[in-house]
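Reading through the structure tokens given below for one structure.
What follows draws every value from the coordinates through simple rules; no lab data is involved. Remember, it's a predicted structure, so these values are computed and weren't measured experimentally. Please note: Cβ atoms are built from the backbone with ideal geometry, for glycine as well, and neighbour counts cover all protein chains shown.
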């Protein structure tokens with residue numbers, strides 16, 4: 001079995017229960033959701049959902065066909081890493097004191113992250129990027145002590161001028 005990461009971008013009508021039906025479909029089929037992010041777009045009538053899962057190609061075809069059948073789903077496409085813009089946001093609270101603060105600020109600058117809160121005992125950092133960038137940052141600051149992390153999950157768009165609604169055909 002050749003497992004790999006698949007990123008699905010799903011455009012749906014903004015209706016109560018739609019997110020639950022989509023996540024429930026994954027659960028019923030025994031597939032784990034690595035990340036799940038959703039946000040209302042446009043005039044509030046639509047929601048874009050980005051789901052990341054690890055499975056083989058046959059399983060993603062099955063999942064995609066079943067998601068397409070759900071009532072409120074308008075379009076579903078797979079975002080390929082080489083033809084998409086993919087980002088994640090993380091908020092990370094790092095232990096800091098007078099002796100370590102300057103070193104942590106230096107690491108924050110190297111990663112082009114932003115300091116969004118400072119206290120006498122911590123620095124809270126906002127960082128965006130792909131999963132490997134965020135994990136590399138966390139690894140470097142873990143020696144100082146990470147108190148808390150909140151991650152958004154992956155969000156992505158296909159490169160170029162076409163939108164999900166304009167795609168010539170879906171992935172399967």
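General remarks:
- Rounded tilt (10° steps) of 57-68 against the dominant C-alpha axis of the chain: 70 degrees
- q = 0.19, 0.28 Å⁻¹: log10 I(q)/I(0) that the Debye formula gives for the range 85-151, counting C-alpha atoms only: -0.63, -1.40
- Order of 88, 148 under a 10 Å beta carbon neighbour criterion, fewest first: 148, 88
- Cα gyration tensor shape for the range 38-135, rounded if a/c is under 1.5, else prolate or oblate: prolate
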